[in-house]
Amino acid sequence: MHAYYLDIAEVLARRLAMLDHPMRVDVSTDTEEKARQLRVIFPDAIVRVFPNRGSDVYPKIFGFEAEHAHHDVVLHLHTKRSAHSSHLAEWLPFLLDCLLPSPGGVNAILEAFASTPRLGMVSPSHFPSLGAATNWGPNRAIAEVLTWVAGWPRLPDNGR
């Protein structure tokens, strides 16, 4: 989890607490002060501080790379807040309802991984309020290179 907003980290802690699966929580943040508070919210977690460059991307890919290598399934959460637009206020609850809906819903997601060995990722569906904003923008060129290097299929030509 990348935790920039501590109040949302508490919401995520409550969602994770409903699960009856063994798990380890790794948390990244951008200041030592937040790290101290996060160690209270997640007392058993590994908490690390990283510069807030690329927000959650660097910690997710490089900051916990060794820890992720020991797991078959990794859930990535981010304390997302979109205060710039009121029509995005329900985006976080929507994402949580997709990824951590209930103990039974999480079991269904884990079963999808267990029954489909080639399944690489499960993600939330399109959030309706985003509308036309769901496009690659300037990230497309980078994604094309990454898919080519990984040997994955070409990206769709529709820009989404």
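The figures follow:
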quantity: Spans of helices (runs of 4 or more DSSP H) in the stretch 23-125 with at least 2 residues farther than 17 Å from Met1 by Cα and modelled with pLDDT of 85 or more; calculated: 103-115
quantity: Residue satisfying all of: in the stretch 107-151; surrounded by 10 or more Cβ atoms within 10 Å (Cβ to Cβ) and in contact with a helix residue (DSSP H, G or I) (Cβ under 8 Å, 6 or more places away or on another chain); nearest to Asp20 (Cα to Cα) among these; calculated: Ile109
quantity: Condition broken by Ala141, with the remaining ones in (1) outside any loop (DSSP other than H, G, I, E, B); (2) within 19 Å of Met1 (Cβ to Cβ); (3) modelled with pLDDT under 90 satisfied; calculated: (2)
quantity: Arg14, sole failed condition from (1) in contact with a helix residue (DSSP H, G or I) (Cβ under 8 Å, 6 or more places away or on another chain); (2) open to solvent by 50 Å² or more (accessible area, probe 1.4 Å); calculated: (1)
quantity: Residue within the stretch 51-72 that is crowded, with 17+ Cβ neighbours inside 10 Å, in contact with a Gly (Cβ under 7 Å, 6 or more places away or on another chain) and in contact (Cβ under 8 Å) with a residue 24 or more places away in the chain present; calculated: no
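The values are calculated or read from the model by the stated rules, or taken from the named source; none is laboratory data. Keep in mind that this is a model prediction, so the values were computed, not measured. Cβ coordinates were reconstructed from backbone atoms using ideal geometry, including for glycine residues, and neighbour counts include every protein chain displayed. Calculation scope for accessible area: heavy atoms of the full protein, side chains included, ligands and nucleic acids excluded. Shrake-Rupley method; radii C 1.70, N 1.55, O 1.52, S 1.80 Å.
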